[in-house]
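What follows is one structure encoded as structure tokens, with my remarks underneath.
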Amino acid sequence: MDQSFLLMLSNLLHLQNHLDPTTSLLSTTPTTSPSSPSSLLTSTSAAPLLFFTIASVLSYLAHSSPKSTPSTSTPPPPTSSTTSEFSVSAFRALSTERIWSMETHLRDAHWRSLYGLSYPVFTTVVEKLKPYIALSNLSLPSDYAVAMVLSRLAHGHSAKTLATRYSLEPYLVSKITNMVTRLLATKLYPEFIKIPVSRSRLHDTTQAFQELTSLPNVCGAIDGAPVRLRKLPSQTPNPSIYVNRHGHPSVQLQVVADHKKIFWDVCVKAPGGFDDAAHFRDSLLYNRLTSGDIVWDKVMNVRGHPVRPYIVGDWCYPLLSFLLTPFSWNGSGTPAQNTFDEALMKGRKVVEEAIGLLKGRWRILQELNVDLNHAPQTIVACCVLHNLCQIAKEPEPELWKEPEESGSPPRVLESEKSYYYFGESLRQALADDLYQRLSSSR
């Protein structure tokens, strides 16, 4: 029986002895026999009745109340809260409530830290992708899915890391990543990556390059960069062709950028073991330029040479009428040729910085952790996002530094000889003209 109940019962017995006149302490002949329930029942006093009434109530309470025993079980493990930092509800609270209570620059800085771009640019991406995502019957909200993928592209997270963070299965994270990057690379590419063929854009681009380099009619700068792969699938056929000159598995990225570091052509078709010239010759841009499919109307005359818009690249590319490269890589040419090379490399620096911005802003490209089959669309998607950020004048992150270029000039193909000879004479005319103009202005 409960110890506290026994104590109360003992106290009541003492109280009864005090209340019963037959056993009163004032009696001169106290009883010597102990009190028993039967003797109490035969008492003529009202005290026994009071005692048993109270005792019955206490007994009932003692047996009907729950036993309070010390708990030795451990508390249940905490469960994932629906209001966690990366849940749909938390994202909705951030994007629809908290975001408007912040000052604009703080809001955009916070959004960039999470998703790589400001809130207005983010909403632009979502609005353009939403109709296509709706067709996929995705169970997650469109803006939430886009935010998750942008977080992965901006921070380089693996699918497994995001799966843990967002309480999803890794395969689902990969599926959503593939869907969003595919839409960026196909649906938004034509809108945000365009060759400058319109008269106004072509004029602005060539004018800006001329102010930068003093060379007329430059419309872009071309360069290539390896995008390192975290690993190759074990069953990849001929894996050695993916190993670049630095010893890492990679795929090749080729871009052409304008003076604003905006890409107007992107190509991802070659494994990392291919050189820049081979990749360029396999690109759609090369085929369009050699076939005359791209026609730029802006023609200038320099020392009797008709100069159409052209792009500039380093010595790893072939010299062609529409792609001019330096005379030498070590300054071993004539004064006019060396002056031309310095001017050309100023223009080429634009694309070098554009690639540095691309990899600095979308850090997944520093070590790509997607399936090899989805690597090209992921890289192109990041290029589309890069252009969106440049157009919106987003703050530029710290540049990712690529290793120094190396290699000898590529040989001229038989099919390129006419383009090469015209490019050679054009380059010399531009070099002589530039040297004369600069010399006369001193």
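The values are calculated or read from the model by the stated rules, or taken from the named source; none is laboratory data. This structure is a prediction, so every number in the text was calculated from the model and none was measured. As a convention, Cβ positions derive from the backbone with ideal geometry for all residues, glycine included, and neighbour counts pool all protein chains shown. Side chains are part of the model used for accessible areas, which takes the heavy atoms of the whole protein and leaves out ligands, DNA and RNA. Shrake-Rupley method; radii C 1.70, N 1.55, O 1.52, S 1.80 Å.
List of remarks:
- Total residues in the range 384-407, condition free of Cβ contacts under 8 Å to residues at least 12 places away in the same chain and farther than 26 Å from P196 by Cα: 1
- Residues of the range 393-431 satisfying the condition of being farther than 20 Å from V149 by Cα and under 27 Å from the mean Cα position of the chain (by Cα): K393, P395, E396, E398, L399, W400, K401, E402, P403, E404
- Selection of first residues in the range 86-110 that are within 18 Å of T124 (Cβ to Cβ) and of second residues that are assigned to a helix (DSSP H, G or I) and of a type in the set (V, I, T), restricted to Cβ pairs under 6 Å at least 6 apart or on distinct chains, gives the following pairs, ordered by first then second residue: R107/I99.
- S415 passes every criterion in (1) small (G, A, S); (2) closer than 25 Å to H246 by Cα; (3) open to solvent by 60 Å² or more (accessible area, probe 1.4 Å); (4) not in a loop (DSSP other than H, G, I, E, B) apart from (2).
- The set of residues in the range 268-293 that are within 20 Å of G356 (Cβ to Cβ), open to solvent by 10 Å² or more (accessible area, probe 1.4 Å) and not charged (D, E, K, R) contains only V268.
- Checking each residue in the range 213-259 for being in contact with a helix residue (DSSP H, G or I) (Cβ under 6 Å, 6 or more places away or on another chain), modelled with pLDDT of 95 or more and farther than 22 Å from P318 by Cβ picks out S214, V227, P249, H259.
- Annotation: of all residues in the range 357-377 being open to solvent by less than 10 Å² (accessible area, probe 1.4 Å) and not in a helix (DSSP H, G or I), the one that is farthest from K261 (Cα to Cα) is L368.
- Counting the residues of the range 225-257 that are closer than 21 Å to N373 by Cβ and in a strand (DSSP E or B) gives 12.
- Of the residues examined, T213 is not one that is crowded, with 20+ Cβ neighbours inside 10 Å, of a type in the set (S, T, Y), in contact (Cβ under 8 Å) with a residue 24 or more places away in the chain and closer than 24 Å to V384 by Cα.
- Meets criteria (assigned to a helix (DSSP H, G or I) and exposed (fewer than 11 other Cβ atoms within 10 Å of the Cβ)) for S406: no
- Search result, residues across the range 295-315 that are under 38 Å from the mean Cα position of the chain (by Cα) and open to solvent by 20 Å² or more (accessible area, probe 1.4 Å): V295, W315
- Within the set N301, N330, the sole residue that is free of Cβ contacts under 8 Å to residues at least 24 places away in the same chain, under 20 Å from Q210 (Cβ atoms) and of a type outside the set (S, T, Y) turns out to be N301.
- Qualifying residue in the range 346-356 (condition: at negative phi, open to solvent by less than 20 Å² (accessible area, probe 1.4 Å), in a helix (DSSP H, G or I) and without any contact (Cβ under 8 Å) to a residue 60 or more places away in the chain): yes
- Hits in the range 169-210 - residues which are open to solvent by 40 Å² or more (accessible area, probe 1.4 Å) and part of a loop (DSSP other than H, G, I, E, B): E169, K187, K194, V197, S198
- Filter pass, A381 being assigned to a helix (DSSP H, G or I), surrounded by 21 or more Cβ atoms within 10 Å (Cβ to Cβ) and in contact (Cβ under 8 Å) with a residue 12 or more places away in the chain: yes
- Taken over the range 116-125, the residue count meeting the criterion of being without any contact (Cβ under 8 Å) to a residue 40 or more places away in the chain and open to solvent by 10 Å² or more (accessible area, probe 1.4 Å) is 2.
- Look at (1) of a type outside the set (A, V, I, L, M); (2) assigned to a helix (DSSP H, G or I); (3) open to solvent by 30 Å² or more (accessible area, probe 1.4 Å) and you find that G331 fails only one, number (2).
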